[in-house]
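Each remark here refers to the structure printed beneath this line.
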Amino acid sequence: MERKQLQQWLSEIDKAIEDEKLYAGQNILWPGSSTLGESTSVSSFQKTDRLFNSQEKTKKTIEQKRQEKLDEELDQMKNPQLSRKSQQLIFKSKREGKIEDRLMQEAQKRKQEASEREAKMKIEAKQKSMPLITQLAANLKREGDVVERLIDYQKVYQDKKDNLKKEIEPEANSAIPKINKTNVESRYMKPQNKNIAVEEYSHKPEISERSQKLAAKLGDAKERLLQKPTPKTLGDTECTFTPSIIKKDDSENKIWWETLYQQSKTIQEKKEKTKEDFDRLKVDPECTFKPKLSSANNEKKENSDDRVKRLQEWQKTREDRLKQEREQNSNRGLEECTFAPKINKNVAPAHIPKQQAPVNKFLQRQYLNKQKSPGDSKSSEIDQDVDPEVYERTIKRLREDLISIPLD
């Protein structure tokens with residue numbers, strides 16, 4: 001933006017210089033001037049100063065606005081607030097220089113301490129001549145001298161080496177060719193140099209007579225080495241107390257299976273005694289009550305066909321009993337009806353009112369019901385469905401109607 005303004009101002013200055021030359025050469029008045037002297041008195045330097053002053057003023061205005069905008073942004077930003085503890089630490093600690101320099105110095109210091117610590121550990125590891133022995137290794141019990149055990153190990157090693165040498169070397173003076181039955185991998189694993197030189201040791205230790213006697217007492221060293229090590233039993237010199245043990249009874253000192261046999265025998269005797277007491281109570285003369293026990297478990301299981309037949313017979317017996325009870329109930333309801341009118345086949349007289357027709361129908365139904373067979377299920381079902389209260393009201397009304405009928 002400033003570059004554009006500067007170019008604009010330079011173009012204006014060039015234009016002003018050309019106008020001055022034009023007006024000076026042709027004696028033309030300046031715009032706004034009354035005389036030629038006034039127009040010629042204005043110099044180009046004054047115009048240039050005025051333009052430069054305007055440029056400086058514009059720069060100051062732009063800088064002022066820029067500073068105001070920056071202040072406004074800083075006001076809008078959240079200012080960091082230090083806690084009271086941080087302020088105390090800053091006040092107490094003497095911090096000099098930049099934070100970057102202090103961090104670099106701290107990192108170099110830690111790196112130097114780590115290298116010194118590592119060098120110290122290496123020196124301590126080299127200076128340690130005594131190996132660390134665990135508590136289990138210290139308590140292991142070894143019999144015999146270590147030299148003898150090492151010699152026995154040497155013998156075992158020599159025997160294994162001789163056996164390996166015999167397997168590797170081919171058999172001498174054998175007319176039959178030997179077939180190698182080993183696989184390819186085992187052949188590659190064998191050493192190429194078949195003539196292995198046996199190592200000879202120059203040191204030959206001399207064993208004294210006392211050591212030989214001790215070795216004879218200890219027995220074979222190989223067996224001792226193959227035995228599992230047992231921890232040493234350290235006796236406490238302060239434990240001098242020897243307790244006196246009281247002898248227990250013979251029953252407690254017996255073998256455990258005898259004790260179990262006695263216990264089972266005692267349990268069996270208790271069961272037999274309980275059974276005898278129960279049998280004695282059964283035959284007690286004072287106990288006269290004898291409950292009837294169900295013998296369903298003792299009976300033989302019946303067949304499914306027999307069970308179906310038995311259930312059908314029971315259903316038939318039940319239905320017969322219900323029919324008989326229904327007939328008795330229906331007859332009991334008609335015992336009070338003692339009147340039986342004589343009904344002719346002829347047409348009823350004209351003096352009988354028409355409202356008595358239901359009474360005749362009821363009497364006809366009663367007569368027909370008496371003549372029906374006792375096993376008729378339809379009549380029993382109808383009688384059973386009649387409400388007793390309705391039946392009583394009907395009988396009462398029938399009596400009233402019968403009483404009101406005139407007799408000829």
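The values are calculated or read from the model by the stated rules, or taken from the named source; none is laboratory data. Since the structure is predicted, the reported quantities are computational estimates derived from the model, not experimental observations. All Cβ positions, even for glycine, are placed from backbone atoms using ideal geometry, and neighbour counts span all protein chains on display.
Considering GLN81, GLN76, GLN105, the condition of being surrounded by 10 or more Cβ atoms within 10 Å (Cβ to Cβ) and free of Cβ contacts under 8 Å to residues at least 12 places away in the same chain is satisfied by GLN105 alone. Out of all the residues in the stretch 61-77, is one or more at pLDDT 80 or above, part of a helix (DSSP H, G or I) and under 30 Å from GLU18 (Cβ atoms)? Yes - at least one qualifying residue is present in the stretch 61-77. Got at least one residue in the stretch 84-95 being β-branched (Val, Ile, Thr) and either surrounded by 10 or more Cβ atoms within 10 Å (Cβ to Cβ) or at pLDDT below 75 (or both)? The answer is yes, given that some residue of the stretch 84-95 is β-branched (Val, Ile, Thr) and either surrounded by 10 or more Cβ atoms within 10 Å (Cβ to Cβ) or at pLDDT below 75 (or both). Scanning the stretch 138-149 for any residue that is surrounded by 10 or more Cβ atoms within 10 Å (Cβ to Cβ) and either free of Cβ contacts under 8 Å to residues at least 24 places away in the same chain or more than 30 Å from SER211 (Cα to Cα) (or both) turns up nothing.
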